[in-house]
Number of protein chains: 2
Amino acid sequence: MKITLSTLSRALASATLLNLACMGVLNAQQVSEAIKNQAAELREQALNSELAWDVLESLTTEVGPRLAGSPADAKAVAWGVAKFKELGFDKVWTEPVTIPVWRRIHEKAAIVAPFPQAVTVTALGSSVSTPKGGLMADIVHFASYEALLAAPAGSANGKIVYISNKMERHPSGRGYGKVGPGRFLGAAEAAKKGALGLIIRSVGTDSQRSPHTGMTNYQDGVVKIPAAALSNPDADQLDRILARQQKVTLKLDLLTETAAQTLSYNVIGEITGSERPQKIVAIGGHLDSWDLGTGAVDDGAGIAITVAAAKLIAEQQRPKRTIRVVMFAAEEIGVYGGKQYALDHHSELSNHIIGAESDGGAGSVLALSSNIGQQALPALDAMLALMAPLGIVRSDEVASGSADFGAMVEAGMPAVGLEQDHSEYFDIHHTPDDTLNKVHPEQLAQNVAAWAIFVKIAADWSGRFDR
Amino acid sequence: MKITLSTLSRALASATLLNLACMGVLNAQQVSEAIKNQAAELREQALNSELAWDVLESLTTEVGPRLAGSPADAKAVAWGVAKFKELGFDKVWTEPVTIPVWRRIHEKAAIVAPFPQAVTVTALGSSVSTPKGGLMADIVHFASYEALLAAPAGSANGKIVYISNKMERHPSGRGYGKVGPGRFLGAAEAAKKGALGLIIRSVGTDSQRSPHTGMTNYQDGVVKIPAAALSNPDADQLDRILARQQKVTLKLDLLTETAAQTLSYNVIGEITGSERPQKIVAIGGHLDSWDLGTGAVDDGAGIAITVAAAKLIAEQQRPKRTIRVVMFAAEEIGVYGGKQYALDHHSELSNHIIGAESDGGAGSVLALSSNIGQQALPALDAMLALMAPLGIVRSDEVASGSADFGAMVEAGMPAVGLEQDHSEYFDIHHTPDDTLNKVHPEQLAQNVAAWAIFVKIAADWSGRFDR
């Protein structure tokens, strides 16, 4: 070919375009059509798959409630190993997690005066027992945790503190953060004010006689007082009685037990990557549940969703990177499994190219949040475009990795968050009513579809998510 | 005045008209415009009145659960007397009712094998205790009470019978009659087949972890076996386990107590009639409740609705006949108050010109049924015309007087039935969740409006309701 000026100038122009395109590869590598097509196919398969439901039905029926450290927790670990193997995961193993052991033995309460009647309570997680035969004392009422904090020293001397504010219902679940401190910190603060016990209105949005448990955290050097949650209708009742401005006497009778530390296990299953097996897309949920319900939404759903998404991907084509599904131990009682995982896998932190936990129940995914580098936006955009038919939009929130991957994300692991509808989640969260019939199969399937899209692209896209 | 033929013939014609009119009075006496106008005014007042809510709030808060024969039952009787007096009823008195005493002390159950886990149960009313430490036995499953009846002799030998069919949701509440016999009669029939215990799926339409109690009736000469209801989610769980076709072993631990007979009381308040005080329009509800909830819908609502309707009428103008409001004793445990009332008031049966009980919860009135003579149809039509704006239509059902006026109606008392929407009633009926927050104030007010129309016309219309 004879080179003319015109030809040269065209060649130069092409080279410049090529060069720009190469820079584009580095800065904003696109997701290939092949991957997108596979992800779209997975989405449709997931919407029509009953796999997540079957996994969830199996866990909640055959294991049921599985409080960390209980005999059922050990059964759950065995179930997890067996389930991964049954589904053909390439590698399946467990990693020990040392955890404290606490259990409730009995719990009851009654208004003694002015209008004697039983009320429905549940001990908060880690609560100590009341004195044998129960604790009887007058109630001192605070409209919020903040009001308790602001109260003068000694203002609860010899009394049972009652914190009464009710959680707001909202798709984001934002009410949890607002009233949660009463549960997390109320016992310690009440004790500092001289209280003998704490009762709180359940941290929940329901109107049922199902009190919500959940951890309360004592403080070193502060006396541990018994702590329990009233169901919302019982808190309403107590509010009505207090509104009559009479002295209200309560009897609280909790028997709980703390035993020596024991072992639980993170249960891990992998689909080994075909091209970069040492690189890991890390997903999962927590295997433990509170003791009151069967942990269908918290967090059986998260286990079922992530296991099913990984399995559907593997059935389609072996992923290029490894998909690791972690069933975390002992989340409810203090994120023991998640913290241990971060310690155990510190050396392969940089191989965790991205991670996410499903621990928001079984409601539909509404939005995708992220915590990734700018160069990964094309991958995020591709995920969002494929998730749009599922009703999922971009969230500006920074993905935290949820409780169990929180330590990994803090250490630097990129993350996304598949943010679920929490409108109904806090109706049953941590209650006896966290049972399989509260899960809507079509919402569970929508979750699997969203997770399959995320995991497929994360595993096969050749770009990097690093922040 | 000179009498002519023409005059005479006019007089005869007038006499004939008068005669026909008189016959009309006997056969189909109309309700006067004055009464209708007053009833229409009462309807609007009732829709804007908070009186029923206030009565209900007072009963459920200040007394709370009030199982017949319990200390709270005595408090309820005192509350009823005080409430009638406070509202200015002309006569207030009590009538003793001898009742049996039963109470639950504790109740728990667990699946022992193949998948150990606690299940939520409540003892059925009158249930005996299990042996100390609990009854452990395999389950024999029947899809319905009818299937149990049809089973061969000895087919439940040494086992715990489980009846699993679920109540249908319907505005009429018709599902109750269909699955109810398993509760009413199941323990006796299971014992005849050799069973050591009975568990049933709760007779209820909800999906919550709130089991439904209610009486079970033993039979003379048949061994009394312990009987309990599983919540619906727990029955679902047991169904899933049984579907795996493994032997299922249950441990049932019930402690109940039967004491010597005691006295409760029908509490009666009257608005004395201005013209025919001996003639009575008899209304009411039952004052007792099950022990699990605060009896807001069953039957605090009935008490509140009928008390408020009578009070609103009295405030407008003294009724011509007497309005008697009866707060019946011990309905739940066997209609003791209603039966005693019929005995005590046999001599004034004919003075009970019509009666009705409100014992269908707090849902809106949908239809008006009746059990009256043909000649009273104009009064019924007037009621229906005035109730039409409340969305109430004619029902072809024969009014029974509900449980507590049943004996009076059987003896001949005319009756109407204000038939309520039962779509949600059996979600909480006989559960811990029968609490004030389940009552919709506007539906409660609609009830009072309907009752005020019925009672106003019944008290002031001069015709007869006799069948």
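Quick note: the coordinates plus some simple rules give every number you see, no bench work behind them. Remember, it's a predicted structure, so these values are computed and weren't measured experimentally. Note that we place each Cβ from the backbone using ideal geometry, even for glycine, and neighbour counts take in every protein chain shown.
Averaged over peptide A:112-120, how many Cβ atoms belonging to another chain are found within 10 Å of each residue's Cβ?
If you average over the peptide's residues, the count of other-chain Cβ atoms is 4.
Since chains B and A are linked by a rotation, which residue in B has the beta carbon closest to its axis, and how far is it in Å?
Result for the axis mapping B onto A: B:Gln208, 3.
In nm, to one decimal, how far is the B:Gln278 label point from the A:Ser207 one, both placed 7 Å along Cα→Cβ?
Result: 4.9 nm between the two label points.
How many Å³ per residue does the convex hull of the Cα positions in the protein assembly as shown occupy?
Spread over its residues, the Cα hull of the protein assembly as shown gives 251 Å³ apiece.
In whole Hz, with x marking every Gly and Pro, tabulate ³J(HN,Hα) for the stretch B:321-330 from phi via Karplus 6.51 cos²θ - 1.76 cosθ + 1.60, θ = phi - 60°.
9, 6, 9, 10, 10, 10, 9, 6, 8, 6
In what sequence do B:Lys438, A:Lys456, A:Lys132, B:Lys192 fall when counting other Cβ within 10 Å, fewest first?
Listing B:Lys438, A:Lys456, A:Lys132, B:Lys192 from fewest to most nearby Cβ atoms yields A:Lys132, B:Lys192, B:Lys438, A:Lys456.
Can you find, among A:Ala156, A:Pro131, A:Ala296, the residue farthest towards the positive end of the dipole of chain A? Put +1 on the C-beta of Lys and Arg, -1 on that of Asp and Glu.
Comparing the listed Cα positions along the dipole, A:Ala156 ranks first.
In nanometres, what is the gap between the two model label sites at A:Ala40 and B:Glu442, each 7 Å from Cα along Cα-to-Cβ?
Each label point lies 7 Å from its Cα, and together they span 4.7 nm.
How many percent of all Cα-Cα pairs in the stretch A:80-144 sit more than 19 Å apart?
60 percent
Calculate, in nm to one decimal, what A:Asp90 and A:Ser423 gain on full extension: separation in residues at 0.36 nm each, minus their alpha carbon distance.
This chain segment gains 116.2 nm when fully extended.
Can you put A:Asp299, B:Asp460, B:Asp344 in order, fewest other beta carbons within 10 Å first?
Least crowded to most crowded, the residues run B:Asp344, B:Asp460, A:Asp299.
How would you classify the stretch B:351-431 from its alpha-carbon gyration tensor, with a ≥ b ≥ c the square roots of the eigenvalues: rounded for a/c under 1.5, else prolate if a/b is greater than b/c, otherwise oblate?
oblate
Mind listing which trypsin sites (Lys or Arg not before Pro) in the stretch A:232-292 are in a DSSP loop and have 12 or fewer other Cβ atoms within 10 Å?
When the trypsin sites (Lys or Arg not before Pro) of the stretch A:232-292 are filtered for loop state and at most 12 Cβ neighbours within 10 Å, A:Arg244, A:Lys247 remain.
Count, for each residue of B:423-433, the Cβ atoms from other chains sitting within 10 Å of its Cβ, then give me the mean as a whole number.
If you average over the peptide's residues, the count of other-chain Cβ atoms is 2.
Nothing charged except the Cβ atoms of Lys and Arg (+1) and of Asp and Glu (-1): what's the magnitude of the dipole of the stretch B:103-258 about its Cα centre? Round to the nearest 20 debye.
Roughly 80 debye for the stretch B:103-258.
With a cut-off of 15 Å, note down the residues of the stretch B:197-218 whose backbone N falls inside the zone around a label point 7 Å from the Cα of B:Ala147 toward its beta carbon.
B:199-202
Scaled to the compact-protein estimate 2.2 N^0.38 Å, what is the alpha-carbon radius of gyration of chain B, rounded to two decimal places?
1.12
FRET efficiency for A:Thr258 and B:Lys224, Cβ-Cβ distance as r, R0 = 30 Å, nearest 0.05?
According to the calculation, E is roughly 0.15.
How big is the stretch A:278-317 on each of its three principal axes, counting only the C-alpha atoms and giving the largest first in Å?
40, 20, 8
Answer rounded, prolate or oblate for the stretch B:103-258, using the Cα gyration tensor with square roots of eigenvalues a ≥ b ≥ c: rounded when a/c is under 1.5, else prolate when a/b is larger than b/c, else oblate.
rounded
Could you put B:Asp434, A:Asp427 in order, starting from the residue whose Cβ has the fewest other Cβ atoms within 10 Å?
A:Asp427, B:Asp434
Counting helices only, and only those DSSP H runs with n ≥ 4, report the 222 nm mean residue ellipticity of chain A as the sum of -39,500 (n - 2.57) divided by its residues, in deg cm²/dmol to the nearest 500.
Taken over chain A, the calculation gives -11500 deg cm²/dmol.
Scan chain A and hand back the longest stretch that contains none of the GluC sites (Glu not before Pro) lying in DSSP loops with at most 16 other Cβ atoms within 10 Å.
Segment A:276-467 is the longest.
By the gyration tensor of its Cα atoms, with a ≥ b ≥ c the square roots of the eigenvalues, what is the shape of the stretch B:336-396: rounded for a/c under 1.5, prolate for a/b over b/c, or oblate?
It comes out oblate by the Cα gyration axes.
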